[in-house]
Amino acid sequence: MFIAATPAYLCGWFTYMAIVIFDLKNKALIISFFTEKKNSAMQLMEWIGVPYFTLLTFICSAQPEKKLQFNHFSDEHGLSQTVFKDILQDRKGYMWFGTQSGLLKYDGYSFTTFLADPFNKNSLSSYSNILCEDRDGNIWVGGDGLSKYDPHTAKFTTWRHEDKNKYSLLSDDIRCLITDKQDKLWIATDKGLCFCEAASGKFINLADIISPDTLCNQDIRYLLVDHDGLMWIGTENGINIYDAIHNKLKLFEPADENYAAMTRKVECMLQDDAGDIWISFWDNRIYRYKPSTGKTESYRHLAGDPHSLGINLVSTMIKDSHHNLWLGMSFGGISVYQPTTNNFRNYQADANDPHTLSTNQVIYLFEDRGKTLWIGTRGAGLNICYPDVSKFRVYQNWDKDYTTHWPISLYKDHSGKIYMTTH
């Protein structure tokens, strides 16, 4: 049950296991736990149309503090995988995780694991590097082949490259998946770029519909669809920009004398709210391009400068709901870009502090719709962070007659008193 915002409390939730209230005055999250599960949580989920784990996300309007706390998922939570390559939240609110040894689905309580079946040609591929959801709610999974999970049938369909079929996948090595503004699924591979023709199920090679084929490299590493619908194609050696409306492909050539001499192997790309394109080049720098002016700016790690980029190898970038830019690094933890000062705030693992990152090897960052930050790591599992919550306060009810503490609804009056109805 949701409580409306008031001057003292921003919001509250009733879940199957707790009352959750955020106190704006004291900047504290108050959680009151219960000891018995009831079916009312499932009923509540059905009433509002989202899984109940989304009710456990903590939100407030307070500014994030410089010191963030990171919580770690481990095998105690049913999590045996340690290498997380991609993260997705589907339209129903469920979390999906692509790992080196299968696909995980998280419902807020536990993880469901989908593994490859060598005796089933339509089973999931052995590893799940890339995830994408289409407008029909299908989950596409890229690894050593391409799989589609149909949530209505709970079954997978898998495609692989066929040497004698020109309409098959270009390669089984899937590097990136993305849907454009027409909901066309694009598949980046180490042998080129293709899209899935929905009507026929054929995979069409971009090189076959563009003449001449001017991709700067066939090893496609990352795809980005910008605000104008143009697709940025990051390759092993440079970037192309594809205009699907006019079926034109051009080379990205900024007016920067240093660009030609750079290592142009693209790791990831992002467009911020101002329209600027951020590009991570392998073991080199972060490159910021302003399409409106053509100007460029570079960011690098500077030894001895705690406000510079953590390291030069950025593996993942996201913009959060507060318009902050988060950068995850293969060996340097997380850097958060601060536009007012044009520098970075850095977060790294500390073996003496269990509330820091579990490792500095960050592979993927994702912010869910509840503003929770999920961090996929290499070898150290899954981390989560609530950047908006400054501190937690927990009250536990261990009364023998705990059924009287099972809430139905909450209400706050003008004096600040909280009223609760129970079973």
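The values are calculated or read from the model by the stated rules, or taken from the named source; none is laboratory data. Note that the structure is predicted; figures quoted are calculated from it, not measured. Reconstructed Cβ throughout: ideal geometry from the backbone, glycine too, with neighbour counts over all protein chains shown.
Scan segment 83-94 residue by residue and report those that are surrounded by 19 or more Cβ atoms within 10 Å (Cβ to Cβ) and either among the charged types (D, E, K, R) or farther than 23 Å from residue 330 by Cβ (or both). Scanning segment 83-94 gives 85, 86, 89, 93, 94. Given the criteria more than 26 Å from residue 193 (Cα to Cα) and free of Cβ contacts under 8 Å to residues at least 60 places away in the same chain, does residue 104 qualify? Here the answer is yes, as residue 104 does meet what is asked.
State whether one or more residues within segment 252-271 are more than 28 Å from the chain's Cα centre (by Cα), charged (D, E, K, R), over 23 Å from residue 309 (Cα atoms) and outside any loop (DSSP other than H, G, I, E, B). No, there is no match, as no residue in segment 252-271 is more than 28 Å from the chain's Cα centre (by Cα), charged (D, E, K, R), over 23 Å from residue 309 (Cα atoms) and outside any loop (DSSP other than H, G, I, E, B).
Yes/no per residue for (1) at pLDDT below 80; (2) out of contact with any strand residue (DSSP E or B) (no Cβ under 8 Å at 6 or more places or on another chain); (3) loosely packed, with under 14 Cβ neighbours inside 10 Å:
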{"residue": "28", "(1), (2), (3)": "yes, no, no"}
{"residue": "31", "(1), (2), (3)": "yes, no, no"}
{"residue": "36", "(1), (2), (3)": "yes, yes, yes"}
{"residue": "44", "(1), (2), (3)": "yes, no, no"}
{"residue": "54", "(1), (2), (3)": "yes, yes, no"}
{"residue": "59", "(1), (2), (3)": "yes, no, no"}
{"residue": "68", "(1), (2), (3)": "no, no, no"}
{"residue": "79", "(1), (2), (3)": "yes, no, no"}
{"residue": "127", "(1), (2), (3)": "no, no, no"}
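Residues in segment 95-139 that are under 15 Å from the mean Cα position of the chain (by Cα) and aromatic (Phe, Trp, Tyr) were compared, and the one that is farthest from residue 83 (Cα to Cα) is 106.
The number of residues in segment 153-189 that are under 23 Å from the mean Cα position of the chain (by Cα) and surrounded by 15 or more Cβ atoms within 10 Å (Cβ to Cβ) comes to 15.
Conditions tested, residue by residue: (1) at pLDDT 95 or above; (2) touching a strand residue (DSSP E or B) at 6+ places or on another chain (Cβ under 7 Å); (3) within 19 Å of residue 174 (Cβ to Cβ); (4) surrounded by fewer than 18 Cβ atoms within 10 Å (Cβ to Cβ).
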{"residue": "232", "(1), (2), (3), (4)": "yes, yes, yes, no"}
{"residue": "248", "(1), (2), (3), (4)": "no, no, no, yes"}
{"residue": "255", "(1), (2), (3), (4)": "no, no, no, yes"}
{"residue": "263", "(1), (2), (3), (4)": "no, yes, no, yes"}
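Somewhere in segment 365-376, is a residue in contact with a Cys (Cβ under 6 Å, 6 or more places away or on another chain) and either assigned by TED's automatic domain parsing to the domain that holds residue 131 or under 21 Å from residue 278 (Cα atoms) (or both)? Spell out how you get there, then give the answer.
To start, the set of residues in segment 365-376 that are in contact with a Cys (Cβ under 6 Å, 6 or more places away or on another chain) comprises 373.
Narrowing the set further to residues that are either assigned by TED's automatic domain parsing to the domain that holds residue 131 or under 21 Å from residue 278 (Cα atoms) (or both) leaves 373.
Checked against the condition, which is being in contact with a Cys (Cβ under 6 Å, 6 or more places away or on another chain) and either assigned by TED's automatic domain parsing to the domain that holds residue 131 or under 21 Å from residue 278 (Cα atoms) (or both), segment 365-376 yields at least one hit.
The residues in segment 318-343 that are touching a Leu at 6+ places or on another chain (Cβ under 6 Å), surrounded by fewer than 22 Cβ atoms within 10 Å (Cβ to Cβ) and of a type in the set (A, V, I, L, M, F, W, C) can be counted, and the count is 1.
Segment 348-423 holds strands (runs of 3 or more DSSP E) entirely within its bounds, and those carrying 1 or more residues that are within 17 Å of residue 330 (Cβ to Cβ) and modelled with pLDDT of 90 or more map to 362-367, 373-377, 382-385.
Screening residue 129 on (1) of a type outside the set (A, V, I, L, M); (2) in contact with an Asp or Glu (Cβ under 8 Å, 6 or more places away or on another chain); (3) closer than 22 Å to residue 73 by Cβ; (4) outside any strand (DSSP E or B) shows it passes everything except condition (4).
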